[in-house]
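Below is one structure; the comments refer to it alone.
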Amino acid sequence: MDPIIETHDLCKRFGGKRAVDGMSLAVPKGAIFALLGDNGAGKTTTIRMLTGQLPADRGSAKILGQDCWAAAEKLRLKVGYVPERPRYYDWMTIAEIGWFAAGFHAAEFYTRYQQWLDKFKLDANARLDAISKGEYAKVGLALALAIDPEVLILDEPTSGLDLLVRQEFLGSMVGMAAEGRTILISSHQIGEVERVASHVAFIASGKLLLTATMDELRQRIIRLKLRYEAEPPDAAVFGSVLQTNGSGKHWQAVLQDPRLEALETLKRTDGIHDMEVSTLHLEEIYCALLARKV
């Protein structure tokens, strides 16, 4: 199946700094694809190219098989987008901002917008300057969903929201993906995204560190812990080494793409005790990948 969102060697430079450096991604239909990294990693610049706000300096970005820059106007009718800090005409009510936006879309837009207001339990008569951050974020999502998009792009959608509101917001993504929508969500709140994402891409300094499905990730990145008698093992024998540490006779390593046969041999090695192989949380994986990059 062809990817719904695809970038190839995508690059963007601002002055002498490369904000996005050779980004290649493939997002399948129905995925909740998390673009993860710290502030300044290149997530927003990537999204601005995907949403037709910036042209690429090199490489390509496509959604639904169409070039994101050349076909930007057409794609806006199929791609819902919520920026990190959405700003509307705050003197309007929630209903009025939907009515205003409806003038740029098909006739069904406002009806769908009202339906999403009901689902999000928003008061249509409330003024935008009098609602909470969580409600404001839901207005942005309702506007994006009112076009009935095939693709939904969310840039740091939970930034500044309370914990319970963030969890509710992210939880709603699962239902949307189940309806067949493809969702790309960027975040530096790596731990929170873990429970909803089906695919992840880790980026730092504009570069892609790793991309995989969640299932693949659990197999590709592991922690090896053990106790040894004489000398610690050579971690490089068991996979690409991201981190090693330990104290006394206790030793551990974080490995990428572990060599399973070598690990089985290690189990039977004299002087090796209490060997344990475990998976990592997304935050731990990101920190390990970043440590290797540095």
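Here are the numbers for this structure:
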read-out: P(r) tail fraction, region 98-162 - alpha-carbon pairs more than 18 Å apart, %; value: 36
read-out: Mean separation of Cα contacts under 8 Å (6+ apart) over length of the chain, as relative contact order %; value: 20
read-out: Radius of gyration and Dmax over the Cα atoms of region 43-195, both given in Å; value: 15.3, 46
read-out: Region 217-294: GluC sites (Glu not before Pro) in DSSP coil with no more than 12 other Cβ atoms inside 10 Å; value: Glu229
read-out: Assigned charges on the beta-carbon of Lys, Arg, Asp, Glu; the chain dipole about Cα centre (debye); value: 520
read-out: Ellipsoid equivalent to the chain - semi-axes via the Cα gyration tensor, in Å; value: 42, 21, 16
read-out: Directionally averaged projected area (convex hull, Cα atoms, region 192-245), nm²; value: 5.4
read-out: Check: region 219-293 dipole with +1 on Lys, Arg Cβ and -1 on Asp, Glu Cβ, in debye; value: 180
read-out: Which listed pairs, of Lys17/Lys225; Lys29/Lys133; Lys29/Lys225; Lys62/Lys121; Lys12/Lys119, have C-alpha distances above 32 Å, in listed order; value: Lys17/Lys225; Lys29/Lys225; Lys62/Lys121; Lys12/Lys119
read-out: Relative packing of peptides 40-47, 249-256, 52-59 - highest average C-beta neighbours within 10 Å first; value: 40-47, 249-256, 52-59
read-out: For Arg259, distant residues with modelled amide H under 5 Å away; value: Gly239
read-out: Alpha carbon centroid spacing (whole Å) that separates region 133-180 from region 188-256; value: 30
read-out: Along principal axes, Cα extents of region 219-293, largest first, whole Å; value: 33, 26, 18
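Just so you know, all these numbers are worked out from the coordinates, no wet-lab data involved. Owing to the predicted nature of the structure, the values given are computational and were not obtained by experimental measurement. All Cβ positions, glycine included, derive from the backbone under ideal geometry; neighbour counts span all protein chains shown.
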